[in-house]
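Trainee: Before anything else, here's the structure in question.
Nothing in this text is a laboratory measurement; each read-out follows from the coordinates by a stated rule. Every value quoted in this text rests on a predicted model; they were computed, and no experiment measured them. Counting neighbours? That spans all protein chains shown, and the Cβs are built from the backbone with ideal geometry, glycine included.
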């Protein structure tokens, strides 16, 4: 039986002529490097001076529309057939594009992944939510589309809780999504919304901790984010309580990770600032 040249069905995907030589994802808006005519994504080829495939000097580029037709034909014949497998395929290529900074391609591949996941009614809501959350980050952080990012975070949370028994909710995924959504609101100074989202993240982390789905430091990280927003809102008393609470929770010495040490240091500094402001107000 002949094997697929891309390695589909074997679990070992191979490098192939349809992959971008820079990001290794399936070429998006396929473009030839000149004069060698090796294939790249249109967004990837611009920074290439020596071709990653053949080593020749790159003197320019040209779009190659017929190459996309070849990709479509090949995927129809040899690509993943099952809806979930197709979703995972596009998700994998989205990550490849994202790692190399080709965010328009990554965004398009996340859309394709979501379409495939949603077609399969038996598919995990968690996978759909994670995919949405990753795309929301790209929309917000890389494509400067805050409103779209916000809507996708909102939908990602909705996927996790819609029609799901509370006992079966993945609180870790929910907490991560709330944290990212809160960071979006914080970045545009929408502080009250950010505080509410970080509070939701903290509650989800606490539930995850009870179920053994995360460690105590993850819970502290959510409280830390909430405490920082409380400071920005001028709610120093509430912030002080949160900072003192997380300092009591964090272990000391070698038991603390680098993240934990950083949170402890910043919390102590923030408490010092709050004490200074309180003393000034009293004098």
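Trainee: Any idea what % of Cα-Cα pairs in the chain are farther than 23 Å?
Mentor: The share of Cα pairs beyond 23 Å in the chain comes to 64 percent.
Trainee: Estimate the FRET efficiency between residue 120 and residue 66 by the formula 1/(1 + (r/R0)^6), using the beta-carbon distance for r and 35 Å for R0, to the nearest 0.05.
Mentor: On the way: r = 32 Å, r/R0 = 0.90.
So, using R0 = 35 Å, E works out to roughly 0.65.
Trainee: Pop a pseudo-label 7 angstrom from the Cα along the beta-carbon direction at both residue 54 and residue 111 and give the gap in nm to one decimal.
Mentor: About 3.3 nm separates the two model spin labels.
Trainee: Give the calculated FRET efficiency between residue 95 and residue 275 to the nearest 0.05, with a Förster radius of 45 Å applied to their Cβ-Cβ distance.
Mentor: 0.50
Trainee: While we're looking at this one, here's another question. Summing -39500 (n - 2.57) over the DSSP H runs of n ≥ 4 in the chain and dividing by its residue number, what mean residue ellipticity at 222 nm do you reach, to the nearest 500 deg cm²/dmol?
Mentor: Numbers: 10 runs with 170 residues, N = 283.
After summing the helix terms and dividing by the residues of the chain, the value is -20000 deg cm²/dmol.
Trainee: In percent, how large is the relative contact order of the chain, given Cα pairs closer than 8 Å and 6 or more residues apart?
Mentor: Value for the chain: 8 percent.
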